[in-house]
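Colleague: Quick one: the structure is below, questions incoming.
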Amino acid sequence: MIGSFRSYVEKALGRGEKDVPAERAADRQTATRTTLTEAWQKAQGKIDWMSAPAMAEYVNGMVSGRSLGDNGHWAIHARDHFVAPLNSRLGGRVSMASLACGSGHIEETLLRDFGWPVTEFLGLEYDDQLRANATE
């Protein structure tokens, strides 16, 4: 079973094959690339479940135990209860890795808007276009 899965992953990544098609080698992509399109940006407000009335308040309250108006956002809760204490224990040197980070917009928001004390960030993304978008 593991061997079959490993073979599948190696083929998907283009490893273990002698002849990788040029079009696949030149443009690795994932379904997440859809989020870069203008159509996705327009539709997001209609299909994003966090845009449903009271949903953001409910979800953030479940994580933090407080309302959004009382600094109950999950990112603030995670920063204050997990990331900041880790930062203190590590002497101000917190590294963060994100797998399948897309264009890195969520991680950028955590660092910029929520003040996560991260000194080094490694974003890993398979999709070429998402990686390119992250560097812009």
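The values are calculated or read from the model by the stated rules, or taken from the named source; none is laboratory data. In this text, all values refer to a predicted model and were calculated from it rather than measured experimentally. Quick reminder, even Gly has a Cβ in these numbers, built from the backbone with ideal geometry, and neighbours come from all protein chains shown.
Colleague: If I ask for residues that are assigned to a helix (DSSP H, G or I), in contact (Cβ under 8 Å) with a residue 12 or more places away in the chain and more than 22 Å from Phe121 (Cα to Cα), which ones from the range 58-87 would you list?
Modeller: Val59, Asn60, Val63, Ser64, Leu68
Colleague: Does Ala39 count as loosely packed, with under 12 Cβ neighbours inside 10 Å, at pLDDT below 95 and hydrophobic (A, V, I, L, M, F, W, C)?
Modeller: Details: loosely packed, with under 12 Cβ neighbours inside 10 Å: yes; at pLDDT below 95: yes; hydrophobic (A, V, I, L, M, F, W, C): yes.
Taking the combined requirement at face value, the residue satisfies it.
Colleague: Then there's this: Quick check on the range 48-72: of everything there that is over 19 Å from the mean Cα position of the chain (by Cα) and aliphatic (A, V, I, L, M), which residue is nearest to Thr35 (Cα to Cα)? Show your work before the answer.
Modeller: Quick first cut of the range 48-72, residues over 19 Å from the mean Cα position of the chain (by Cα) only: 52-55, 57-58, 61-62, 64-72.
Within this subset, residues satisfying the condition of being aliphatic (A, V, I, L, M) are 52, 54-55, 62, 68.
Details: Ala52: 19, Ala54: 24, Met55: 21, Met62: 27, Leu68: 26 Å.
Restricting to residues being over 19 Å from the mean Cα position of the chain (by Cα) and aliphatic (A, V, I, L, M), the top hit is Ala52.
Colleague: Quick one: in the range 106-130, of everything that is within 23 Å of Thr34 (Cα to Cα) and free of Cβ contacts under 8 Å to residues at least 24 places away in the same chain, which residue is surrounded by the fewest Cβ atoms within 10 Å (Cβ to Cβ)?
Modeller: So in the range 106-130, the residues within 23 Å of Thr34 (Cα to Cα) come out as 106-110, 122-130.
Subsequent filtering for residues that are free of Cβ contacts under 8 Å to residues at least 24 places away in the same chain retains 106-108.
Details: Ile106: 12, Glu107: 20, Glu108: 14.
Result: Ile106.
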